[in-house]
Structure formats: structure tokens, C-alpha cells
Amino acid sequence: MNVGILGTGNLAVTLGRAWAVAGHSLLVAGRNPLHASGAADQIGPAAEAVDPSDFPTRVDVLVIAVAWEGLEAALSLVGGPRGSLAGKTVIDCTNPVDYTTGELKPASGSAAALVAHTAPGARVVKALHLFAGASWPYVGPQESAPVVAICGDEPRALDRAAVLIQDLGGQTAVVGGLGSARQLEEAAGFVMRVVAAGYNPRLAVPEVDPALLRATQTTTE
Ligand SMILES: NC(=O)c1ccc[n+]([C@@H]2O[C@H](COP(=O)([O-])OP(=O)(O)OC[C@H]3O[C@@H](n4cnc5c(N)ncnc54)[C@H](OP(=O)(O)O)[C@@H]3O)[C@@H](O)[C@H]2O)c1
């Protein structure tokens, strides 16, 4: 796939490198062309720095990897408010979270909803905000692969996101429509709060075997 990455920082480079290994072509852009060239260089030969206005015609999927504060401005560079991303799969990785308190910054809604609002017609999927970019690619037993919870309203866009997650070595759990994005974004805040309290978030959620749970439910029905 031709994967556009809007953002030129840590996540752009780590995801870009992992997708390059999987054989994808990366197009990288942000508000600063020098940062875009630097990010493309760090990703390697599969990456090209482009102008953000090139994204609508050149990419199959657009991945948003910018700071929450820059989300609307970055989408404007792509022409999102003018409908340039209509029909395009857009994966929002933004964490609109205060890293020190774990509090979600939007008073209501979600970063993903803001993307959908700012880029009318875009097929928005919330995904890949919870794990550090450096987690990818995952190499190990499939049953232990990170589960990436995602949500969105468009089945085709969810399918495309699932392919890209699979190419990172992850498993995909579709948890609902885009209205579920705030909950997924809250999950990042929850993780930060548990870490701030001095604990490993992996130990802060119960271990549940879905097969066992289903069997128990069937028996009790
Ligand atoms: N790093 C991770 O492992 C990770 C994992 C999951 C999710 N995320 C999320 O992904 C996003 C990017 O994280 P990061 O670690 O890559 O951050 P980063 O290294 O600090 O990069 C931030 C990117 O956002 C851009 N940006 C900041 N303010 C902007 C504005 N006002 N207008 C346009 N662009 C702006 C920066 O552009 P300049 O270079 O021009 O400043 C840069 O390209 C964040 O929302 C973060 O929560 C990160």
C-alpha cells in the first residue's frame, strides 16, 4: 500500500520503519518540510518526503501521527476541511491526553471525532494510539501478539487498518463504531494513570479467556 504519514516525529518514524519492512511505501509530510525529509531518511529508502497537499492523490491510507494540539492545523495542510480526504481511509493515532495526569483533553467527543469533523467524508478509524511505536514490528508467537483495539464506522476502512496492523505483527479487535473512540482514547489515559501510580498496566486489567467465558455463558443459559 501507499501509506501516507501525517507527522514527522517519533511515531511517524517507528511505524514507517515497521511498515517499510512489511513492503509498504511511505509518504511522509508535516508542517515542516525539513522534519519530513529527516523522518523519511530515518525510515529508509521506502519513504519519501512529500508536501501534505500530495496526500489525497497519492496515498491509499493516511495515518495521523501529530500532537493533539496540531491536529486541526495538520489536517488543514492536507485540505481536509475542503473535502480532500472524502472517501479516504484515515487512521487516527492521536493521544489527546495530558501525559502527567492521564486526563483526556477534549471536554467531549474524541480526537477521532475531531478528525471526522475537520475532514468531512474521511473514513476515520481510531487505532494504534495505545502501544508505543517502538513496540512494532512485533515478532513472536501469534497468540501473544499485541491486540490493537480499533473502532470506526466504515467496514472497508476497518479492513484496511486491520491489514496494516497485521503487517506490524499485531492482532485487531474491532470494538465498535467511531462513537467508541473516546473510550479507546480514555484507555491511554488509564494506562498513564496506572503507570504514574507505580504499577504495570498489564497487571491492572483482569485476564479473561473469551472461549472460557463463552462456554460458561452457554452453560448458564
Ligand atoms: N510516540 C509513540 O510511541 C506514540 C504511540 C502512540 C500514539 N502516539 C501519538 O502520536 C502523536 C505523535 O506522537 P510522537 O511521539 O510522534 O510526537 P513527536 O515526536 O513530538 O512529534 C509530533 C509531531 O506533531 C507535529 N505537530 C506538533 N504540533 C503541531 C501543530 N501545531 N501543527 C502541525 N503539526 C504539529 C510535530 O511537528 P514539528 O516537528 O513541526 O513540531 C511532529 O511532526 C501524538 O498524538 C502521540 O500521543 C505516539
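Readers should treat all values here as calculations from the given coordinates under stated rules, not as data from a laboratory. None of these values were measured; they are calculated from a predicted model. For neighbour counting, all protein chains shown are included, and Cβ atoms are generated from backbone atoms with ideal geometry for every residue, glycine included.
Which value in nm describes the separation of the simple spin-label points at L203 and N10, placed 7 Å from the Cα toward the beta carbon?
The modelled label-to-label distance comes out at 2.4 nm.
Using the Kirkwood formula over every pair of different C-alpha atoms, what hydrodynamic radius in Å results for the range 87-135?
Details: mean 1/r = 0.0849 Å⁻¹.
Hydrodynamic radius (Kirkwood, Cα pairs) of the range 87-135 is 11.8 Å.
Using a 10 angstrom cutoff on alpha carbons, build the Gaussian network for the chain and name the most mobile of L178, L114, L128.
Maximum fluctuation in the GNM of the chain, among the listed residues, is at L114.
So if each residue of separation counts as 0.36 nm, and I subtract the Cα-Cα distance between D54 and T216, what length gain in nm does that give? Before the final figure, lay out the partial values.
On the way: separation 162, 0.36 × 162 = 58.32 nm, distance 5.27 nm.
Here the answer is 53.0 nm.
Do any GluC sites (Glu not before Pro) in the range 114-209 lie in a loop, going by DSSP, with at most 16 other beta-carbon atoms within 10 Å of their beta carbon, and if so which?
Numbers: sites: E143, E185, E186, E207; in loops: E207.
For GluC sites (Glu not before Pro) across the range 114-209 that sit outside H, G, I, E and B with at most 16 neighbouring Cβ atoms in 10 Å, the list reads E207.
For each of L130, L34, L26, L77, count neighbouring Cβ atoms within 10 Å of the residue's Cβ, then give the residues from fewest to most.
On the way: L130 20, L34 10, L26 27, L77 17.
Sorted ascending by nearby Cβ count, the order is L34, L77, L130, L26.
If each DSSP helix of 4+ residues adds -39,500 (n - 2.57) and the sum is divided by the residues in the chain, what number results at 222 nm, nearest 500 deg cm²/dmol?
Numbers: 8 runs with 82 residues, N = 221.
Per the formula, -11000 deg cm²/dmol.
Between the range 180-212 and the range 1-68, how many Å separate their Cα centres?
Centre-to-centre distance over Cα atoms comes out at 29 Å.
Give me V124, V147, V78 sorted ascending by neighbouring Cβ count inside 10 Å, so fewest comes first.
Values: V124 31, V147 13, V78 27.
The most exposed by this proxy come first: V147, V78, V124.
Between beta-carbons, use under 10 Å as the cut-off and find the net charge around A122, counting Lys and Arg +1, Asp and Glu -1. Present the calculation step by step, with values, prior to reporting the outcome.
Numbers: positive: K88, R123; negative: D92, E154.
That sum, taken over residues with Cβ under 10 Å, equals 0.
Starting from the eigenvalues of the Cα gyration tensor, five times each then square-rooted, give me the equivalent ellipsoid semi-axes of the range 2-220, largest first, whole Å. Let's see the in-between values first.
Numbers: eigenvalues 163, 74, 65 Å².
Computed over the range 2-220, the values are 29, 19, 18 Å.
For each of K88, K105, K126, count neighbouring Cβ atoms within 10 Å of the residue's Cβ, then give the residues from fewest to most. Spell out each step's value before the answer.
Details: K88 22, K105 14, K126 30.
Taking fewest neighbouring Cβ atoms as first place, the list is K105, K88, K126.
Mind checking which of A197, A74, A132 has the largest fluctuation in a GNM of the chain, springs on alpha carbons under 10 Å?
In this elastic network of the chain, the residue with the biggest mean-square fluctuation among A197, A74, A132 is A197.
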